[in-house]
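Chemist: The structure under discussion is supplied below as structure tokens; questions concerning it will follow.
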Amino acid sequence: MSKELPKNYSAAEHEERIYRQWEESGFFNPDNLPGKRPENFSIVLPPPNATGILHLGHASMLAYQDVMARYQRLRGKKVLWLPGTDHAAIATQNVVEKKISKEENKTKEDLGREEFLRRVREFVAGSQDTIRTQVRRMGASLDWSRERYTLDEALSRTVNTVFKKMYDDELIYRGYRIVNWCPRCHSTLADDEVEYKEQKTPFYYFKYGPVIIGTARPETKFADKIIIVHPDDARYKDMIGKSFTVPWIEGEVEAVVIADASADPELGTGAMTITPAHSFVDYELAQKYDLEIVKIIDEDGNLTEVAGRFAGQNAQQARAAIVEAMSAQGLIDRIDEEYVHNLSVCYRCGTAIEPLPSRQWFVDVNKEIPGRGKSLKRLSLEAVETGLNDKKIDIMPAKFEKVYFHWMNNLHDWCISRQIWWGHRIPVWYKDKGDGEPEIFVGLKPPTGEGWRQDEDTLDTWFSSALWTFSTLLDQDHTKYDTWEEWLANSPDLKDFHPTSVMETGYDIIFFWVARMILMTTYVLAEIPFEKVYLHGLVRDKQGRKMSKSLGNGIDPIAMIDKYGADALRLSMMVGATPGNDIRLYDEKIEGYRNFVNKLWNISRYIFGRVNEIKVIDKAPPPNSIADQWILEKLNEVIEKVTGYLDSDKLDFSNAIVELYHFTWGDFADKYIERSKKEEGKDEILLFILQQLLKLWHPLTPYVTEALWGNISDKKLMIQAWPDEIKLQKTKFNGREFQDIIDMTSEINSLKAKAGIAQTKIVKATYKTEFIAEYLKILAEEARLEYVDDKQEHWTPVDVGHVLMFVDIDKQQIDQHLNREKKELQEYIKNQEKKLANKEFVANAPAAVVAKERHKLEEYQQKLNNLN
């Protein structure tokens, strides 16, 4: 029995209902999938912030990963796509601190640690549902029964266990070293959490005894006592090793000259003083020559007592007064006002970073791991270079492998302690021994006895996130296991789904997260965390600009789903995208794919309304015409291509969509369905092709395909089998002949258009090739031809492949029509140029109107170019 669907697909009427049905079916859980599934496929979702909202980066990530999960599910694999959220230490604490300050005019210190943490937990619990709901809106087929949170008990035990294991292996140590410090967040930052902002600032040249030194930061120079010169610099040969009394900011200092190859004779005067406490380069020199490290700026960004009369002042704000004092002492040689440098800023709050020495916890990336003979750095390099245990990580695109190797080869010890309250508290306790150095205990539980106090700091968020691929797969009922080894051995998900199949994420966090997961997993489990890394690009606006609040060009994915539907948004973010390259997204693009989704709906609507009975067609019906043969051959081609594009060795989402789009709209709708209207007995073949199409489209547009499939079967589309190649039997029909008809019709219609002849007008034609009667009949219907025996002299030849015809269209008639068109376009262009040359019009008309007129001119010019 046929069925009539509404004329237009309304995403809002279907999406929430369909997602609820998917969840209720239980098929997001790999344990509930039907049939034997010997192969596993797994992805762990890069965890969005628990208190965050869905942005375009999340949306594109969800689209790519859902395509992979749904495709592999249809391919008969046991698919786990595991969701979770991150506690996002600094970001979450900042939000709650601001909230308390605004609402109660209090600080976290006013509340105390326990009360503040209770407030944060409460805030997170109230916020997590927002991101969960928004992730569902994208159609993400995640196994919510396995959802994880980085502060879950089992994950916290994993974090503490790994910390202790690394401490026992002497890979974690506590040291006094220079770190990146944010005075606003009052915490350390890892090197890759520091961002750079170009800034123009004065560059000062100071008289320092016998040399001239240069700096952009005079406020750090109070305790400079070492002059570094190159050992081969003839200008300073006689000074090396000597000391000088130098008049300086707060009185005279005793300066010593040291020769080191790090000094650049071509830069400035070739001489420099060093500030070991506030420069990573200078710190290394101080370590090399065992020099004193004096802190000039404290954790609040204020000058210490070393700065004398300037002590207690904000370092940056005091700069002008310091320069003025130095000028009064005659210490300024000159000032370059046009100096441009990269200012280091905190990636969270944008505050200028202050490098300063601090006692922190570090991961030693260069120390040899006991019993392994390799460092963490070496293991991480080998995972991508040669592989571990016969499994190698493949990075897509390959160009990022070089970036990864460069970063890993230059990796410094990782500072993992953060001076904030929210997060995994460092599992270290101290007890005073009375001799200045405390006794240290590292463990999963507090030590027994009196006088122990736990470290106040928390771990870097990336420390727990680095364990994400395996910590999430451990048995969450962890209290059953006394030892780490027992826990690992009794975690079936870890055995079945690790290493995970793919890590899909943005290229902008390859160092923040991807590299750290490789570093930690290869150490803890002696295996890779994932087999493939797929790095998607950033989403930019129509002009290719980065989306930002200041430009007002941001796109809210949820607003786009409300307006156009999730399927349209998903397609628009993947079409034109290649691994590692940015894409452009704008309203009109999303609207265009909404129109395509509606086209798929209307194709189905037509078929459901035409056939006598809507039913599942398991096998391809035998063809009854050359059109049937042709469409089945075309379907075979598209199945082969799309399968190849979506397989994990290619992951070419854009080309998969383009191939399907052209087949669906061009081959199936415009060609075959239109032809089928003139033939009988097409119910089964129309239903069969539609069903294969819905399966092919399902990973890419899950909502509309599931909605349409519900009219065919009560079994969910998401668990059907992916289309296999159709075994076409040899028949009397030749699909190539129908392709010739299509090509010939296209050529004849093009000639008609050029000659100004209506497409519906029948023209006379003769042919020079022998054809079967059915071919001639179809061609006459499609191209609107009347066959005659002899051609006239002025007729135009049409040669398509091995087919030659002559049609009653005069070449002179074509030329005359094109010349008329050309003159009209030239006149349009002339008038348009005249209008835009009118300064009064351009100055007074609304900008949108002027832009529209310019666009018209460009269109006319393009048409003329095409015509020529």
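Chemist: Of all residues in the range 373-407, which are open to solvent by 70 Å² or more (accessible area, probe 1.4 Å), touching a residue at least 24 places away in the same chain (Cβ under 8 Å) and of a type in the set (D, E, K, R)?
Modeler: Answer for the range 373-407, where residues must be open to solvent by 70 Å² or more (accessible area, probe 1.4 Å), touching a residue at least 24 places away in the same chain (Cβ under 8 Å) and of a type in the set (D, E, K, R): K391, K392, K399.
Chemist: Hey, another quick one. Can you tell me which residue in the range 346-371 is farthest from I297 (Cα to Cα), limited to those that are touching a Leu at 6+ places or on another chain (Cβ under 9 Å) and outside any loop (DSSP other than H, G, I, E, B)?
Modeler: Result: V363.
Chemist: When the range 386-406 is examined, which residues are found to be at pLDDT 90 or above, within 14 Å of V533 (Cβ to Cβ) and not in a strand (DSSP E or B)?
Modeler: K392, I393, P397, A398, K399, F400, E401, K402, V403, Y404, F405
Chemist: Picking from V79, V67, which residue would you name as being among the β-branched types (V, I, T) and in a strand (DSSP E or B)?
Modeler: V79
Chemist: Something else about it: Could you tell me which numbered condition Y167 fails, if it satisfies all but one of (1) out of contact with any Leu (no Cβ under 8 Å at 6 or more places or on another chain); (2) part of a helix (DSSP H, G or I); (3) open to solvent by less than 20 Å² (accessible area, probe 1.4 Å)?
Modeler: (3)
Chemist: Looking only at the range 287-313, which residues are surrounded by 15 or more Cβ atoms within 10 Å (Cβ to Cβ), out of contact with any helix residue (DSSP H, G or I) (no Cβ under 8 Å at 6 or more places or on another chain) and without any contact (Cβ under 8 Å) to a residue 60 or more places away in the chain?
Modeler: Result: D298, N302, T304.
Chemist: Here is a follow-up. Restricting to the range 456-487, count the residues that are open to solvent by less than 40 Å² (accessible area, probe 1.4 Å) and either more than 17 Å from D152 (Cβ to Cβ) or of a type in the set (A, V, I, L, M, F, W, C) (or both).
Modeler: Qualifying residue count for the region: 12.
Chemist: Does D808 satisfy being open to solvent by less than 70 Å² (accessible area, probe 1.4 Å) and modelled with pLDDT under 75?
Modeler: no
Chemist: Tell me which residues, restricted to the range 171-226, are out of contact with any Gly (no Cβ under 9 Å at 6 or more places or on another chain), among the acidic types (D, E) and open to solvent by 30 Å² or more (accessible area, probe 1.4 Å).
Modeler: Within the range 171-226, D191, E198 qualify.
Chemist: Name the single residue, out of those in the range 234-247 being β-branched (V, I, T) and not in a loop (DSSP other than H, G, I, E, B), that is most open to solvent (accessible area, probe 1.4 Å).
Modeler: The residue in question is T245.
Chemist: Just to be sure I understand the filter: pairs with C-beta atoms under 9 Å, separated by 6 or more residues or on different chains, first member in the range 524-540 and over 21 Å from D652 (Cβ atoms) and without any contact (Cβ under 8 Å) to a residue 60 or more places away in the chain, second member open to solvent by 10 Å² or more (accessible area, probe 1.4 Å) and assigned to a loop (DSSP other than H, G, I, E, B). Which pairs pass?
Modeler: L525/H498; L525/P499
Chemist: Based on this model, can you work out whether F738 counts as aromatic (F, W, Y), open to solvent by 10 Å² or more (accessible area, probe 1.4 Å) and either in contact (Cβ under 8 Å) with a residue 40 or more places away in the chain or under 24 Å from E23 (Cβ atoms) (or both)?
Modeler: no
Chemist: All but one of (1) modelled with pLDDT of 95 or more; (2) not hydroxyl-bearing (S, T, Y); (3) not in a loop (DSSP other than H, G, I, E, B) hold for E97, so report the exception by its number.
Modeler: Evaluating E97 over (1) modelled with pLDDT of 95 or more; (2) not hydroxyl-bearing (S, T, Y); (3) not in a loop (DSSP other than H, G, I, E, B) leaves (1) as the failure.
Chemist: Related question: Answer yes or no as to whether V257 is modelled with pLDDT of 90 or more, surrounded by 17 or more Cβ atoms within 10 Å (Cβ to Cβ) and assigned to a strand (DSSP E or B).
Modeler: Considered against the rule, which asks whether it is modelled with pLDDT of 90 or more, surrounded by 17 or more Cβ atoms within 10 Å (Cβ to Cβ) and assigned to a strand (DSSP E or B), V257 comes out as yes.
Chemist: A further question follows. Filter the range 231-273 down to the residues that are touching a Gly at 6+ places or on another chain (Cβ under 6 Å) and of a type in the set (A, V, I, L, M) and list them by number.
Modeler: V246, A255
Chemist: OK, next. Run down P202, P231 and say which single residue is in contact with a strand residue (DSSP E or B) (Cβ under 6 Å, 6 or more places away or on another chain), more than 30 Å from S465 (Cβ to Cβ) and part of a strand (DSSP E or B).
Modeler: Sole residue among the options that is in contact with a strand residue (DSSP E or B) (Cβ under 6 Å, 6 or more places away or on another chain), more than 30 Å from S465 (Cβ to Cβ) and part of a strand (DSSP E or B): P202.
Chemist: Now, a different point. Among the residues of the range 328-372, what is the count of those that are of a type in the set (D, E) and crowded, with 19+ Cβ neighbours inside 10 Å?
Modeler: Residues meeting the conditions: 2.
Chemist: Enumerate the pairs (first residue in the range 248-263 and free of Cβ contacts under 8 Å to residues at least 24 places away in the same chain; second residue anywhere and not in a loop (DSSP other than H, G, I, E, B)) with beta-carbon separation below 7 Å, excluding pairs fewer than 6 apart on the same chain, so at least 6 apart or on different chains.
Modeler: Within 7 Å, the pairs are E252/T245; E252/V246.
Yes or no, residue by residue, for (1) in contact with a helix residue (DSSP H, G or I) (Cβ under 8 Å, 6 or more places away or on another chain); (2) free of Cβ contacts under 8 Å to residues at least 12 places away in the same chain; (3) among the hydrophobic types (A, V, I, L, M, F, W, C):
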site: R184; (1), (2), (3): no, no, no
site: I213; (1), (2), (3): no, no, yes
site: I228; (1), (2), (3): yes, no, yes
site: K237; (1), (2), (3): no, yes, no
site: V246; (1), (2), (3): no, no, yes
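Chemist: A further question follows. Could you count how many residues in the range 742-770 are closer than 20 Å to S625 by Cα, at pLDDT 80 or above and out of contact with any Asp or Glu (no Cβ under 6 Å at 6 or more places or on another chain)?
Modeler: Final tally of qualifying residues: 3.
Yes or no, residue by residue, for (1) aliphatic (A, V, I, L, M); (2) under 26 Å from E193 (Cα atoms); (3) open to solvent by less than 10 Å² (accessible area, probe 1.4 Å):
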| residue | (1), (2), (3) |
| --- | --- |
| A59 | yes, yes, yes |
| L74 | yes, no, yes |
| K78 | no, no, no |
| L82 | yes, no, yes |
| T85 | no, yes, yes |
| A89 | yes, yes, yes |
| T92 | no, yes, yes |
| K98 | no, yes, no |
| E104 | no, no, no |
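Chemist: Hey, R453 hits all of (1) modelled with pLDDT of 95 or more; (2) open to solvent by less than 10 Å² (accessible area, probe 1.4 Å); (3) in contact with a strand residue (DSSP E or B) (Cβ under 9 Å, 6 or more places away or on another chain) but one; which does it fall short on?
Modeler: All conditions pass for R453, except number (2).
Chemist: Turning to a different aspect of this structure: Just for the range 22-57: of the residues that are touching a residue at least 24 places away in the same chain (Cβ under 8 Å) and small (G, A, S), which one is most open to solvent (accessible area, probe 1.4 Å)?
Modeler: Looking at residues that are touching a residue at least 24 places away in the same chain (Cβ under 8 Å) and small (G, A, S), I get G35.
Chemist: Consider the range 109-129. How many of its residues are open to solvent by 60 Å² or more (accessible area, probe 1.4 Å) and in contact (Cβ under 8 Å) with a residue 24 or more places away in the chain?
Modeler: Residues meeting the conditions: 0.
Chemist: Does E266 qualify as being assigned to a strand (DSSP E or B) and exposed (fewer than 15 other Cβ atoms within 10 Å of the Cβ)?
Modeler: Taking the combined requirement at face value, the residue does not satisfy it.
Chemist: I want to confirm something. Restricting to the range 676-701 and keeping residues that are assigned to a helix (DSSP H, G or I) and closer than 13 Å to W601 by Cα, which single residue is nearest to the chain's Cα centre (by Cα)?
Modeler: Checking each candidate, the answer is W697.
Chemist: Could you please let me know if I742 is of a type outside the set (F, W, Y) and under 21 Å from Q812 (Cα atoms)?
Modeler: Criteria not met by I742.
The values are calculated or read from the model by the stated rules, or taken from the named source; none is laboratory data. What you see is a predicted model, and the numbers here were worked out from it, not measured in a lab. Reconstructed Cβ throughout: ideal geometry from the backbone, glycine too, with neighbour counts over all protein chains shown. These accessible areas exclude ligands, DNA and RNA; they are computed on the full protein's heavy atoms, side chains included. Shrake-Rupley method; radii C 1.70, N 1.55, O 1.52, S 1.80 Å.
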